[in-house]
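Structure, as structure tokens:
We did not get these values from a lab; they are worked out from the coordinates using the rules stated. All values derive from a computational prediction rather than experimental measurement. Backbone-built Cβ (ideal geometry, glycine too); neighbour counts: all protein chains shown.
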Amino acid sequence: MTAKLKQHDPEIASAIANDLKRQQRNLLMIPSENYASEDVMEATGSVLANKYSEGYPGKRYYQGNEFADVVENAAIERAKRLFGAEHANVQPYSGSPANAAVFLAFLRPGDTFMGFELKCGGHLTHGSPVNFSGLIYSVVPYGVDEKTERLDMEEVRRLARERKPKLIISGSTAYPRQIDFKAFQEIAEEVGAIHLADMSHVSGLVAGGAHPSPFPFTDVVMTTTHKTLRGPRGAMILCKEKYAKQIDKAVFPGSQGGPHDHTTAGIAVALKEALEPGFRDYAHQVVANAKALAHALTEHGIRLVTGGTDNHLILIDLRPMGIGLGKQAAVALEAAGVITNCNTVPYDPSTPFKPSGVRIGTPSLTTRGMKEPEMRMIGEWMASVLKGMGDAQLQAQVRAKVEALCERFPIYEGLGK
Ligand SMILES: *Cc1c(COP(=O)(O)O)cnc(C)c1O
């Protein structure tokens, strides 16, 4: 794949080859990452990257779009079929611009919306003060209950009644439990707000029937395409037909120029894969693996936020070992071949730069073919590294075991030869 590049640009070719090795030899446990298939990558790396296609299929501003139309129409049809959606826009460059487009469609600067607080598991674009969402609009944040660490839908309802937001976002980047999209929709309807379900993290689970779906009742649904959905980096906005025009206009020309046709092709391929029966097994295995891993970690004395998981994600709470240990723990795990990210835990007494948690997930490991027995081993290894955080010898021992395990579950066997 990189034979020519190796010759013409050895610096970049070797960085790519080295990252392939890194992806092969480590346990990638950042819950927002996954391994896209070689077919997805082939489509994404194709000549479609050369094309300009401003507009929508059949209504382009540039000539020469007959094949770009084939690709975008296929992606739209497949997205609608996979999720049972009335309308799909597959052009957003990524999740953050997609959320920006939805805000643009429904809000004016200064308008009020409700979003999940970053500290409790919301995304930056859900109203963080350093993000455009918090800078341009008036934000009413909702969090989780301090004791149960779960969303309290009665509290969300109370806030919505009191503050009358124009839009309510559901969805999360660090919440280990199911999101009750139906309850959010009901609350939004009660107060006359638009409900935006941001299912970026769980869209693959929704597609595979392993998480309750926000369809068909939700006004607008956004998802990234590169997380559990296992496509290329990108995003889609799915909505009720009555909002189709508003959404399309907000994406183009409202907030974007030409769509990335090569990404659209990769999305179309990923959606075809997600429509195959095997994807249901994948999605259910992701959750089964997360439960097995959570169980193993707990058994070995590690505290988890909410005590466990019912999706693909686990939030490790290191507060019992000390405040603000998240970064240190993630570095120790990396030395042992386990790639994670530090993360705040709800009501974290530390700062976002020195959080007290570590966020992990099972989408990538499950794509490799790992199942419950591997999760039990990994849980035990991770717990030992966390309990002996400064022990370099232990980290090296675990790393050797991790590498041996990774060899048994190869990825991209056709690449890097
Ligand atoms: C990942 C994510 C996004 C943003 O996606 P990017 O592609 O990184 O911009 C938005 N919302 C949620 C809930 C996410 O998990």
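Ordering H126, H295 from the fewest to the most neighbouring beta carbons within 10 Å gives H295, H126.
Which one of C239, I316, A330 is farthest out on the positive end of the charge dipole of the chain, using unit charges on Cβ (Lys, Arg +1; Asp, Glu -1) and the Cα centre as origin? Checking the options against the dipole of the chain, the answer is A330.
For K387, K182, what's the fewest-to-most ordering of other Cβ within 10 Å of each Cβ? Present the calculation step by step, with values, prior to reporting the outcome.
Details: K387 13, K182 17.
Exposure proxy ranking, most exposed first: K387, K182.
In the frame of its principal axes, the range 82-190 has Cα extents of 40, 35, 27 Å, reported largest first. Taking Cα centre as origin and charging only the Cβ of basic (Lys, Arg, +1) and acidic (Asp, Glu, -1) residues, the dipole magnitude of the range 41-274 rounds to 160 debye.
For the chain, give the magnitude of the charge dipole about the Cα centre (Cβ charges: +1 Lys/Arg, -1 Asp/Glu; no others), in debye to the nearest 20. List each step's numbers first, then the result.
Working: 46 positive and 46 negative charges, 67 e Å.
Rounded to the nearest 20 debye, it is 320 debye.
For a straight C-alpha distance cut-off of 19 angstrom, the aspartates and glutamates reachable from K59 (same-chain residues fewer than eight places away being disregarded) are D69, E72, E77, E241, D248, D261. The GNM of the chain, with springs linking C-alpha atoms under 10 angstrom apart, assigns the highest mean-square fluctuation among L151, L167, L159 to L159. For the chain, complete DSSP H runs whose alpha carbons reach 20 Å or more along their own long axis and whose mean Kyte-Doolittle score is -1.0 or higher are 10-25, 66-83, 261-275, 277-299, 372-387, 392-408.
Starting from the Cα gyration tensor of the chain, take the square roots of the eigenvalues, sort them a ≥ b ≥ c, and report rounded, prolate or oblate (rounded when a/c is under 1.5, otherwise prolate if a/b is larger than b/c, else oblate). Intermediate values should be presented prior to the final figure.
Working: a/c = 1.85, a/b = 1.14, b/c = 1.63.
Cα axes put the chain in the oblate bin.
Residues whose amide H falls under 5 Å from that of V220, counting only those 5 or more places apart or on a different chain, are H195, A197, with hydrogens built in the peptide plane.
Return E38, E190, E273 ranked ascending by Cβ neighbour count within 10 Å, so the fewest neighbours appear first.
Fewest-to-most Cβ neighbours within 10 Å comes out as E190, E38, E273.
Kindly identify the range 102-157 as rounded, prolate or oblate by the Cα gyration tensor criterion: order the square roots of the eigenvalues as a ≥ b ≥ c, call it rounded if a/c is under 1.5, otherwise compare a/b with b/c, prolate if a/b is larger, else oblate. Prolate shape, in that a/c is at least 1.5 and a/b is the bigger ratio. For A235, the residues whose modelled amide H falls within less than 5 Å of its own, excluding neighbours fewer than 5 places apart on the same chain, are S94, T225. P355: net charge of surrounding residues, Cβ under 11 Å, Lys/Arg +1, Asp/Glu -1, itself excluded? Around P355, the charge tally is +3. How much net charge surrounds A101 when only other residues with a Cβ under 11 Å from its Cβ are counted (Lys, Arg +1; Asp, Glu -1)? Taking every Cβ under 11 Å from that of A101, the sum is 0.
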